[in-house]
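A.B. asks: Please find one structure pasted underneath; my questions will follow.
Derivation of every value follows stated rules applied to the coordinates shown; laboratory data play no part. A quick note: this is a predicted structure, and the numbers were derived from the prediction, not measured.
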Amino acid sequence: MSTPLVRAFFVGRALAEAIGEQVENTFTNALSDLGKFDAEQRERLRQFTEQVMERAAREEALATHGSSSAKTDGSSFATNDLQATIDDLRAETARLRSELQRYRTRSS
């Protein structure tokens, strides 16, 4: 008479333990996968940051390559080059102003 009840108890207990182990394994695997994913994303971000910094350094080196030789020859050349650029921009601004003035007088 008590045999089926005892058997049901042990079957229920075994079932609960098996389900608990499965949940624990699934949870552990999910956390492990999440940890791997996080580590991979951090590594990808680190590599991306390195690539960006290397690219910026290359572009900076290319941009300053010509001016670095000018700076070694003397800082006055670099200043003259900058002054020439400023003069060119001022001349372009003056030309555009005169063109705009001519356009306005023709339109009136």
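A.B. asks: How much length is gained if the chain between Asn29 and Ala63 is pulled fully straight, taking 0.36 nm per residue apart and subtracting their Cα-Cα distance, in nm to one decimal? Write down the numbers at each step before the final one.
C.D. replies: Numbers: separation 34, 0.36 × 34 = 12.24 nm, distance 5.03 nm.
So the extension gain works out to 7.2 nm.
A.B. asks: Along the principal axes of its C-alpha atoms, what lengths does the chain span, in descending order and rounded to whole Å?
C.D. replies: 114, 53, 12
A.B. asks: Nearest 10 degrees is fine. How inclined is helix 75-107 to the longest principal axis of the chain, computing both from alpha carbons?
C.D. replies: 80 degrees
A.B. asks: Right, another one. Quick check on the chain: helices-only [θ] at 222 nm, where DSSP H runs of length 4 and up contribute -39,500 (n - 2.57) each and the sum goes over total residues. Nearest 500, please. Could the numbers behind the result be given before it?
C.D. replies: Details: 2 runs with 105 residues, N = 108.
Mean residue ellipticity, 222 nm, calculated: -36500 deg cm²/dmol.
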